[in-house]
1. At most 16 other Cβ atoms within 10 Å plus a DSSP loop assignment makes a site exposed; report the longest stretch of the chain without any exposed GluC sites (Glu not before Pro).
2. For the stretch 2-209: lysine pairs with Cα atoms under 30 Å, gap of 8 or more or different chains, count?
3. In the calculated pair distance distribution of the stretch 2-209, what percentage of Cα-Cα distances lie above 20 Å?
4. Mind checking the stretch 1-50 for chymotrypsin sites (Phe, Trp or Tyr not before Pro) that DSSP puts in a loop (not H, G, I, E or B) and that have at most 11 other Cβ atoms within 10 Å?
5. Run the numbers on the chain and let me know its relative contact order in percent, using alpha-carbon pairs under 8 Å that are six or more apart.
6. If you line up the long axis of helix 87-97 against the longest principal axis of the chain, both from Cα atoms, how many degrees apart are they, to the nearest 10?
7. Taking the Cα atoms only, what angle lies between the long axis of helix 103-123 and the longest principal axis of the chain, rounded to 10 degrees?
8. Can you give me the long-range amide H partners of E125? Hydrogens built in the peptide plane at 1.01 Å from N, cutoff under 5 Å, separation of 5 or more residues or another chain.
Amino acid sequence: MTLLLRLSQLIDRLNTVVGKSVAWLTLLVVLVSAGNAIVRKVFGVSSNAWLELQWYLFGAIFLLAAGYTYLLNEHVRVDVLAQRFSRKTQVYIEIFGILFFLLPACILVFWLAIPYFWQSYETMELSSNTGGLIRWPVKLLIPIGFALLILSGVSRLIRLFGFLAGKCADPLAAPKVAEAELEIAEDIRKVAEENDRRQLERLQQKQNRN
C-alpha cells in the first residue's frame with residue numbers, strides 16, 4: 001500500500017503541474033479574444049486562424065485540466081443520497097463509480113481518440129474554414145486529457161483504499177484552494193484588465209490623430 005500511495009502522490013503532482021500550467025492559458029485566451037475583437041471592430045480585419053486558436057486554447061484548458069479538477073474534487077456532482085450516508089459508505093460508492101463508470105468511460109474515449117488523432121495527423125488535416133489551422137494538435141489533446149483523467153481516477157482509487165485501510169487522509173474531503181492559486185487568478189485578472197486598458201488607450205490615440 002505504501003508504494004501505491006507513493007504512486008498516487010506522483011500522479012497527483014503530475015496533474016497539479018499540468019493543471020496549474022494550463023491555468024495560464026486562460027490569460028492567453030483573454031488576450032487573443034480581446035485582440036481579435038478589437039482588430040475586427042476597429043480595422044475590419046478578421047482571421048479564422050485567430051478564432052480557431054481561441055477554440056484550441058479553450059479545448060486545451062478543458063481537457064488538460066480535467067485530471068487536476070478531479071484531484072481537487074471540483075467536478076460537478078448531483079449528490080442527493082450519498083451525502084446522507086456515512087463517510088465509509090460514501091467511499092464505497094465512490095469506488096464503485098470509479099471502477100464501473102469513470103474509468104471504463106475514460107478508457108473507451110482514450111482508445112477511440114487515438115486513431116481519431118492519428119488519421120488527422122497522417123493526412124495533415126486542415127480546417128474546413130479558409131485560413132484555418134491544422135486539426136491534429138487539438139485532436140491530440142483528447143487522448144492526453146483523458147489519459148490524465150484516467151491517472152487521476154487511479155490515484156483517487158488508491159487513496160480511497162488507503163483511507164479504508166487507515167493509511168491516508170480522507171480523499172473525499174473538500175480541499176481548500178491554495179492561496180497561491182487565488183493569487184495567480186487575481187494576477188491574471190489584473191494583467192488582462194491592464195492589457196485591455198492599454199489597447200483601448202492606443203486605439204483612442206490613433207482615432208484622435210486621424
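1. With a cap of 16 other Cβ atoms within 10 Å, the longest stretch comes to 126-210.
2. 11
3. The answer is 67 percent, as a whole percent.
4. Of the chymotrypsin sites (Phe, Trp or Tyr not before Pro), not one in the loops of the stretch 1-50 has a Cβ with at most 11 other Cβ atoms within 10 Å.
5. 30 percent
6. Between the helix axis and the principal axis of the chain, the angle is about 60 degrees.
7. Once rounded, one gets 40 degrees.
8. Amide H neighbours of E125: R135, W136.
Each reported figure results from applying straightforward, stated rules to the coordinates on display, with no laboratory input. Bear in mind that the values here come from a model prediction, so they are computed numbers and not experimental data. Here Cβ is always computed from backbone atoms with ideal geometry, including for glycine, and neighbour counts include all displayed protein chains.
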